[in-house]
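Structure first, then comments.
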Protein chains: 2
Amino acid sequence: MRVAGILLVEDDPSVRTALELALTRQGHSVTSYATGEEALDHIRSRRPELAILDVMLPGIDGVEVCRRIRRLDQLPVILLTARGDDLDVVVGLEAGADDYVVKPVEPRVLDARIRAILRRAESATSDRITFGDLVIDRGALKVSLAGKEIHLTPTELRLLLELVRHPGQVLNRRYLLRVVWDHTHVADSRLVDACVQRVRAKIEPRPAEPTFIHTVRGFGYRFSPP
Amino acid sequence: MRVAGILLVEDDPSVRTALELALTRQGHSVTSYATGEEALDHIRSRRPELAILDVMLPGIDGVEVCRRIRRLDQLPVILLTARGDDLDVVVGLEAGADDYVVKPVEPRVLDARIRAILRRAESATSDRITFGDLVIDRGALKVSLAGKEIHLTPTELRLLLELVRHPGQVLNRRYLLRVVWDHTHVADSRLVDACVQRVRAKIEPRPAEPTFIHTVRGFGYRFSPP
DNA sequence: CTGACATGTCACAGTTTCATGACACGGAAC
DNA sequence: GTTCCGTGTCATGAAACTGTGACATGTCAG
């Protein structure tokens, strides 16, 4: 299941808690704030994947937050409001929001709308695979673990991608040498082992008990998600 | 104002006519059909920009039409229905629809939702994009940083546009050589690097720590906003 | 338990890759 | 012709990457 970093802005604590709980239950990772100012700060540093903004906020209102977000980038935005006035909807959407949802909203419906928007926002660019905490973006050539980006060197990345291309299958050293390295290497070196170890050191929480890259003694290595 | 080729599918002639008129008034170019079968034929040949599907249709219903569209391509879809059941909404969105609108709908609201979806669906092809301080106008072929126009040479501009066309994606040198230059160049030249440096010198506040064009060692370059 | 063998670990130097700035060349503008 | 601009190439140095081998540790069979 996809896990999205969702930014929630809602000033009413009880609604905020309820929504946060509901979204978390649906598998999203949520960070919430009570004001637009805090949210705008958050966006720069934390790069959420989608923002849900209540329209009625103290200080900067949701529509204005949306406008300011749009001035910065393409972050998908859902406006949330108690008022379902036609004019409000039009104004909200013209401010750059992707959707406009009227409270109270059934969690399943909100979730479905979130997914529809993320699907659209990401279909253009992303080519990701997720294994638990591990996210591998083959288009951006980025790997992250529990939301934290991890730097892999070119060879490490090629090795990981090759393993991931055959989840659950054991790949032997000779094969890996041929595919990941150029076939000009001797077969009996510790090269593959060393590289696997380097990848493990970066993506395994406990490298001694690997959860992703497993050693199959006598044969090679196998990638299989936890 | 944008003019979209909209495909409308609605079996009730009076509703169909009314919607067609309303959308046309908003500046859209509309083609309408009474059944899903006709619509699916239309899509293959006429390549509309967005489809609005009534859910209750004779023959194949709107949700199924939506599923079949999704199997073909990314065409944005709005489902339109008299029933606003939560379950219907979830099912509709999970079928791949981008939005789910309950009739009767105010034309201005429908128009705003259409525009919101087109904006998202076409943000990759729209004329003007903003990434923080950087504004790229693909129509006018102008680039500006913090409001100040920046002069890029033709090659530099083609390179930047190519990178921006795939935000977040790593593009390798061979690809860039083929697309930005004509493929008649040797693969191992530092030409791409040099051009990237030149673009960076113009659009990056601190070229040593780029915020837009990132080097991905061993692979190529990636454009991603700060 | 012990030996044989497979795999993990580590440090480091040679190599590769890239940023940077200088420069040469050709064409367009004047 | 001269000047200016755009573009491709190159040298240089810095930084990052990676293969290697020695050694440690783990695992299995007898």
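Of the residues making up segment B:23-39, those that are surrounded by fewer than 18 Cβ atoms within 10 Å (Cβ to Cβ), assigned to a helix (DSSP H, G or I) and under 24 Å from the mean Cα position of the chain (by Cα) are B:24, B:25. Residues in segment A:188-211 that are within 12 Å of DNA strand C (Cβ to nearest atom) and within 17 Å of residue A:155 (Cβ to Cβ): 14 in all.
Residues in segment A:130-139 include none that are within 14 Å of chain B (Cβ to nearest Cβ), within 16 Å of DNA strand D (Cβ to nearest atom) and either over 30 Å from residue B:116 (Cα atoms) or of a type outside the set (Lys, Arg) (or both). In segment A:93-108, how many residues are over 18 Å from residue B:79 (Cβ atoms) and either more than 8 Å from chain B (Cβ to nearest Cβ) or among the β-branched types (Val, Ile, Thr) (or both)? Count: 4.
If you go through segment B:144-178 and keep only what is touching a helix residue (DSSP H, G or I) at 6+ places or on another chain (Cβ under 7 Å) and within 13 Å of DNA strand D (Cβ to nearest atom), you end up with B:150, B:152, B:155, B:156, B:158, B:159, B:160, B:173, B:176, B:177. Once segment B:202-226 is narrowed to residues that are within 11 Å of DNA strand D (Cβ to nearest atom) and over 14 Å from residue B:133 (Cα atoms), the residue that is nearest to the other protein chains (Cβ to nearest Cβ) is B:218. Being within 14 Å of chain B (Cβ to nearest Cβ), crowded, with 16+ Cβ neighbours inside 10 Å, in contact (Cβ under 8 Å) with a residue 40 or more places away in the chain and within 13 Å of DNA strand C (Cβ to nearest atom) is true of residue A:159. The single condition from (1) more than 14 Å from chain B (Cβ to nearest Cβ); (2) within 13 Å of DNA strand D (Cβ to nearest atom); (3) not in a helix (DSSP H, G or I) that residue A:182 fails is (1). Residues of segment A:132-156 that are buried (at least 16 other Cβ atoms within 10 Å of the Cβ), over 15 Å from residue A:196 (Cα atoms) and of a type in the set (D, E, K, R): A:133, A:137, A:138, A:142. If you go through segment B:194-226 and keep only what is touching a Phe, Trp or Tyr at 6+ places or on another chain (Cβ under 9 Å) and acidic (Asp, Glu), you end up with just B:204.
With respect to (1) within 12 Å of DNA strand C (Cβ to nearest atom); (2) touching a Leu at 6+ places or on another chain (Cβ under 8 Å), the lone exception for residue A:144 is condition (1).
The combined condition, being within 9 Å of chain A (Cβ to nearest Cβ), out of contact with any Ser or Thr (no Cβ under 9 Å at 6 or more places or on another chain), surrounded by 19 or more Cβ atoms within 10 Å (Cβ to Cβ) and farther than 17 Å from residue B:66 by Cα, is fulfilled by residue B:111.
Please work out if residue A:191 is surrounded by fewer than 18 Cβ atoms within 10 Å (Cβ to Cβ) and either more than 13 Å from DNA strand D (Cβ to nearest atom) or of a type in the set (A, V, I, L, M) (or both). Judged against the criteria, residue A:191 is a match. Within segment B:6-28, the set of residues being over 13 Å from residue B:103 (Cβ atoms) and basic (Lys, Arg) comprises B:25 only. If the condition is being without any contact (Cβ under 8 Å) to a residue 12 or more places away in the chain, small (Gly, Ala, Ser) and more than 18 Å from residue A:160 (Cβ to Cβ), then segment A:173-222 contributes A:189, A:208, A:218.
No value in this document is a laboratory result; all are computed from the given coordinates. On a predicted model such as this, the values are computed, not experimentally measured, just so you know. Quick reminder, even Gly has a Cβ in these numbers, built from the backbone with ideal geometry, and neighbours come from all protein chains shown.
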